[in-house]
Structures are given as C-alpha cells and as structure tokens.
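Each reported figure results from applying straightforward, stated rules to the coordinates on display, with no laboratory input. None of the values given here were measured: they were computed from a predicted structure. Reconstructed Cβ throughout: ideal geometry from the backbone, glycine too, with neighbour counts over all protein chains shown.
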Amino acid sequence: MKNKKWITLATAVVLAVTALPLGVFAAKKDEAKLAKVTLNEVAHSIFYAPQYVAIEEGYFKDEGLDMTLITGFGADKTMTAVISGEADIGFMGAEASIYAYQEGAT
C-alpha cells in the first residue's frame, strides 16, 4: 500500500513539473500571434478613457492585438507619425487630415 502512495505521489510531481513549462511556452506562443498595432494619440484626454481601460484590461490582446500607445503632443506630429508609418492609427482632429490631404499626402 505504501508503494502505491509513493508511485502516485511521484507521478503527480512529474506531471506538475512537466506541465508548468508547457503552460509557459503555450502563453508565449499565443503572444507571438498578436498583431502589433501602434496608436498615436494627439494628447491624453478623458475622452479616450475607454481606450485606456481596454488596453490595461487586456481587451485588445483578447482580440489578437498587441497595442502600443504613443502620445504625439500635437496633431502635426501625430499625422506625421501616421504618414511615415511610425504609427498605424492616429487620434486627432479631422482638420489634420484635411491639411495633410491639401499638401498632397495620401
């Protein structure tokens, strides 16, 4: 009877020790599948509060997005980041898009 307990305990320890690294590798594999998205906001604003919560709570990661938030400190800098490809998305007023379009940016 004692032998059975030792075998059961040894089996449980071996399973626990091998399952832990497998779980860590699986988590890293899932993170590698995330699409990287850079969002450049013109300034921190209370209007963007839902976005801040979604980033902090991991809602974007749940949807397969690795969101990086950058503050541009001005519509001109935010628009430049989007046009140059430094940012994928830019939050700014509509006038920045109009000015960039008038200057020939696509």
In order through the range 75-90: 3J(HN,Hα) via Karplus (6.51 cos²θ - 1.76 cosθ + 1.60), integer Hz, x for Gly, Pro: 5, 5, 6, 5, 5, 4, 5, 5, 5, 6, x, 5, 10, 8, 9, x
Simple label model, 7 Å out from Cα along Cβ direction - Leu65 to Glu86, nm: 2.1 nm
Enumerate the amide H contacts of Gly90 below 5 Å, restricted to partners 5 or more residues apart or on another chain; note that Pro and chain-start residues carry no placed amide H. Asn40
Would you please state the base-10 log of I(q)/I(0) at q = 0.13, 0.20 1/Å for the range 34-106, with intensities from the Debye formula using one equal scatterer on every alpha carbon? -0.40, -0.84
Could you compute the FRET efficiency for Ala49 and Gln102, with r as their C-beta to C-beta distance and R0 at 41 Å, rounded to 0.05? 0.80
